[in-house]
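**Student:** Got a structure here, written out as structure tokens. Questions coming.
The values are calculated or read from the model by the stated rules, or taken from the named source; none is laboratory data. Model, not experiment: these values are computed from the prediction. For neighbour counting, all protein chains shown are included, and Cβ atoms are generated from backbone atoms with ideal geometry for every residue, glycine included. All accessible areas refer to the heavy atoms of the entire protein, side chains included, with ligands and DNA or RNA removed. Shrake-Rupley method; radii C 1.70, N 1.55, O 1.52, S 1.80 Å.
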Amino acid sequence: MAKIATLITDMFEDVEYTDPSKAFNDAGHEVFTIEKEAGKEVTGKQGEAVVTIDTGIDDANPEDYDALFLPGGFSPDQLRADDRFVSFTKAFMDAKKPVFAICHGPQLLITAKALEGRKATGYKSIHVDMEYAGAKLVDEEVAVCQDQLVTSRQPDDLPAFNREALRVLEQSAQ
């Protein structure tokens, strides 16, 4: 089963982390959290989820993981200010490994300059940014590009997001 790297920091959208993580774990995949330092606790913006970080970004190697998960909230905007997280994100896109981004998660993909020509969606407030980044923007509950990139707009889209992310993981394992 897949090892899924998750880039996350404080103020992530609670359910956009907890719901997909549960779906991934229930399907037998392993979810690993990455932030600036291992052992740190980060809290969701709703205060419902507290996550202990598995690995610090300086010790994280994209080659050690099969897929990348980018939950939304304010977390992606904070992380994209740090080149280490941007480079980590870009490595997955360049290697054509599965990438799953929901809501504001595509902000890391925008900063990594990894959306040009790619079908994608995200939260309404970042649609213009995604267009400027060259994405083929769609306003749909889930967008799947080349059976590698899965994006969704908001928490209401989680059932479709989880379904397509799991399908892409299954295909990439074959």
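**Student:** Within the bounds of the stretch 66-78, is there any residue that is assigned to a helix (DSSP H, G or I), buried (at least 17 other Cβ atoms within 10 Å of the Cβ), in contact (Cβ under 8 Å) with a residue 60 or more places away in the chain and in contact with a Gly (Cβ under 7 Å, 6 or more places away or on another chain)?
**Tutor:** yes
**Student:** I'm trying to understand the selection: among the residues of the stretch 44-55, which are farther than 12 Å from residue 7 by Cβ and either in contact with an Asp or Glu (Cβ under 7 Å, 6 or more places away or on another chain) or outside any loop (DSSP other than H, G, I, E, B) (or both)?
**Tutor:** Within the stretch 44-55, 44, 45, 46, 48, 49, 50, 52 meet the criteria.
**Student:** Report whether or not residue 46 is open to solvent by 70 Å² or more (accessible area, probe 1.4 Å), polar (S, T, N, Q) and under 16 Å from the mean Cα position of the chain (by Cα).
**Tutor:** no
**Student:** Here's a follow-up. Inside the stretch 1-49, can you point out the residues that are under 20 Å from residue 98 (Cβ atoms) and hydroxyl-bearing (Ser, Thr, Tyr)?
**Tutor:** 6, 17, 18, 21, 33
**Student:** Taking residue 58, is it touching a strand residue (DSSP E or B) at 6+ places or on another chain (Cβ under 8 Å), surrounded by fewer than 18 Cβ atoms within 10 Å (Cβ to Cβ) and over 21 Å from residue 139 (Cα atoms)?
**Tutor:** It is false that residue 58 is touching a strand residue (DSSP E or B) at 6+ places or on another chain (Cβ under 8 Å), surrounded by fewer than 18 Cβ atoms within 10 Å (Cβ to Cβ) and over 21 Å from residue 139 (Cα atoms).
**Student:** Within the stretch 16-48, which residues are within 15 Å of residue 65 (Cβ to Cβ) and among the aromatic types (Phe, Trp, Tyr)?
**Tutor:** Of everything in the stretch 16-48, those that are within 15 Å of residue 65 (Cβ to Cβ) and among the aromatic types (Phe, Trp, Tyr) turn out to be 24, 32.
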